[in-house]
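Everything on this sheet refers to the single structure shown next.
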Amino acid sequence: MRPKNERLARAVRESGYSYAELARQIRALAAENGIPARTNSSAVAHWIAGTRPGRATAQLIAEALSRRLPLPVSPVQLGLLTSPEADDDPLPGSGDDRDPLEVLDALAAADIDRSPWSRTVPYSVDAAALPLAAGAPRAEPGDAGQGTGTAGETEVAAVREMTRLFTAVDERFGGQHGRTALVQYLRSDVAALCRARFRTGEIKRQMLSAGACVAYLAGWKAYDAGEQGLAQRYYLQAYALTREADDELHGAFVLRVLAHHGMEVGRPEHSLDLLDEALRRVRGRTDPATESLYLATRARALAMAGRGREAVAEAARAARLVDGADEREMPFWAALWGSASACVGNHTAKAAEHLGSYDVAERHFSQAVWSRPDGDHRRITALSVAHTGRMQCRQGLVEQACATWDQALQLMDGVRSTRVTRAVAGMRRELAPYRQRRVQAAVELEERVRLWTAEEDV
């Protein structure tokens, strides 16, 4: 018989959770990260009595308690895993000055090998705040630049062009196309180039900045696969590379990426602080189209914080900035993600949705679609169309919603993306009451969804 887990029992007491409340938090956290979990109060009692959960569940327990305790705790500290079992998280703490390229190598290896840790590590609310405690960018790029090769402007251009190609495939066919190739490219070619010798400090900074773009594209692909903890860790190391590059403006953009990610997974606790810091860095120092991205994202964060009037005003400011802006002035790392106007429309729509203004949200989701007239951004176009249908359905416009969703399903064909799969599941949930009432449009769309799902499963 195992001894009682006193460390876990103490942490649960200090958190103030009842067993049922902790079980509920673990289930919610599992759903947030796409991890199966059927935890109940009896399971919590068994863990405290000494039974050890699996690795994935142990990580969920630690994260659930970390969100309630004054300091974060790990599965090892809670007595749920021993160090050899832990498959330790390579994410450095706020006071850790490890070379971000070393950390990225560990992340990439876990990603390529599909290690249990990489697939189940949960999103960490505490980790989201690490950049706010990281301080100013480094004056010198750490240990990077100690390699044996030499890199110059041609190599920087090559990394940027490869990033454009990987991004184009990602946007058109979904994040799971080319994912392993991208991560291997990051681990081998990009890491070696970032460690090379450079003729000037400026070229060195450009290469580290280009490497950061590859790192957060790897994170974006993990996010698109529903692996939120892994995505977050890539984003954090992308930020660390911008600090190595002493690139304050690019670093601010990665802060925006982190804020956006927190909102997407329903954990916006640090999003406003991240965006406020990003805007502090960029105001008056960047072009109007790029600045509009920060303002639109902040509008959404304000809406999620219950500050509706401020959210509306901030969204209006973003719209004024992007209207007529020359997007050719955007820096490489901002322009990589496509139309600023479409992005502003998308975030404004999500802010309006959170405030319950479904008609306004519908209009802005449609605007985001119109801003991407080509077929190069099929995934985000399909998702925007699906969101438009959801807003129509919530206004009671069922037939119109079904027609819109049918268009979305056509756009989704061949797109390998967990976000797309979840959007289709969302259609079914929204239409369930209408199917039960045998509304013809809802019944017909359900059959279309069934056929789409069957084709995707082949």
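The values are calculated or read from the model by the stated rules, or taken from the named source; none is laboratory data. Quick caveat, the model's predicted, so the values are computed rather than measured. So basically every Cβ, Gly included, is an ideal-geometry build from the backbone, and we count neighbours across all protein chains shown.
Some observations on this one:
- For region 308-330, the set of residues classified as in a loop (DSSP other than H, G, I, E, B) and in contact with an Asp or Glu (Cβ under 9 Å, 6 or more places away or on another chain) consists of Ala325, Asp326, Met330, listed by residue number.
- Checking every residue in region 289-298 against the condition of being in contact with a His (Cβ under 7 Å, 6 or more places away or on another chain), among the small types (Gly, Ala, Ser), part of a helix (DSSP H, G or I) and at pLDDT 95 or above gives at least one match.
- Scanning region 208-229 for residues that are more than 18 Å from Leu165 (Cβ to Cβ) and in contact with a Leu (Cβ under 7 Å, 6 or more places away or on another chain), we see that the one that is surrounded by the fewest Cβ atoms within 10 Å (Cβ to Cβ) is Ala222.
- Those residues of region 13-26 which are crowded, with 16+ Cβ neighbours inside 10 Å and either closer than 25 Å to Gly262 by Cα or not assigned by TED's automatic domain parsing to the domain that holds Arg67 (or both), in sequence order: Ser15, Tyr17, Glu21, Leu22, Ala23, Arg24, Gln25, Ile26
- One residue stands out among those in region 165-208 that are of a type in the set (Val, Ile, Thr) and within 26 Å of the chain's Cα centre (by Cα): the one that is nearest to Cys343 (Cα to Cα), which is Thr167.
- Answer from Ala210, Ala238, Ala215, Ala168 - the residue that is at pLDDT 95 or above and farther than 23 Å from Glu291 by Cβ: Ala215
- Answer residue from region 216-266, given it is under 13 Å from the mean Cα position of the chain (by Cα) and either hydroxyl-bearing (Ser, Thr, Tyr) or not assigned by TED's automatic domain parsing to the domain that holds Thr120 (or both) and is farthest from Ala181 (Cα to Cα) among those: Tyr235
- Annotation: of all residues in region 426-458 being under 28 Å from the mean Cα position of the chain (by Cα) and of a type in the set (A, V, I, L, M), the one that is nearest to His387 (Cα to Cα) is Met427.
- Subset of region 38-62 [buried (at least 17 other Cβ atoms within 10 Å of the Cβ), part of a loop (DSSP other than H, G, I, E, B) and not charged (D, E, K, R)]: Thr39, Pro53
- Among the residues of region 97-131, not one is under 15 Å from Asn33 (Cα atoms) and free of Cβ contacts under 8 Å to residues at least 40 places away in the same chain.
- From the list Arg428, Arg416, Arg394, the lone residue that is of a type in the set (Lys, Arg), surrounded by fewer than 21 Cβ atoms within 10 Å (Cβ to Cβ) and at pLDDT 95 or above is Arg394.
- Some residue of region 105-119 being surrounded by 14 or more Cβ atoms within 10 Å (Cβ to Cβ), modelled with pLDDT of 85 or more and of a type in the set (Val, Ile, Thr): yes
- Checked against the criterion of being assigned to a helix (DSSP H, G or I) and touching a Ser or Thr at 6+ places or on another chain (Cβ under 7 Å), the candidates Leu65, Leu29, Leu69 yield just one match: Leu65.
- Gly389 being outside any helix (DSSP H, G or I) and over 22 Å from Asp323 (Cα atoms): no
- Qualifying residue in region 219-232 (condition: hydrophobic (A, V, I, L, M, F, W, C), out of contact with any His (no Cβ under 7 Å at 6 or more places or on another chain), assigned to a helix (DSSP H, G or I) and farther than 23 Å from Ala134 by Cα): yes
- Filtered by the rule that a residue be outside any helix (DSSP H, G or I) and either in contact (Cβ under 8 Å) with a residue 12 or more places away in the chain or within 27 Å of the chain's Cα centre (by Cα) (or both), region 392-425 gives Gln395, Asp413, Gly414, Val415, Arg416, Ser417.
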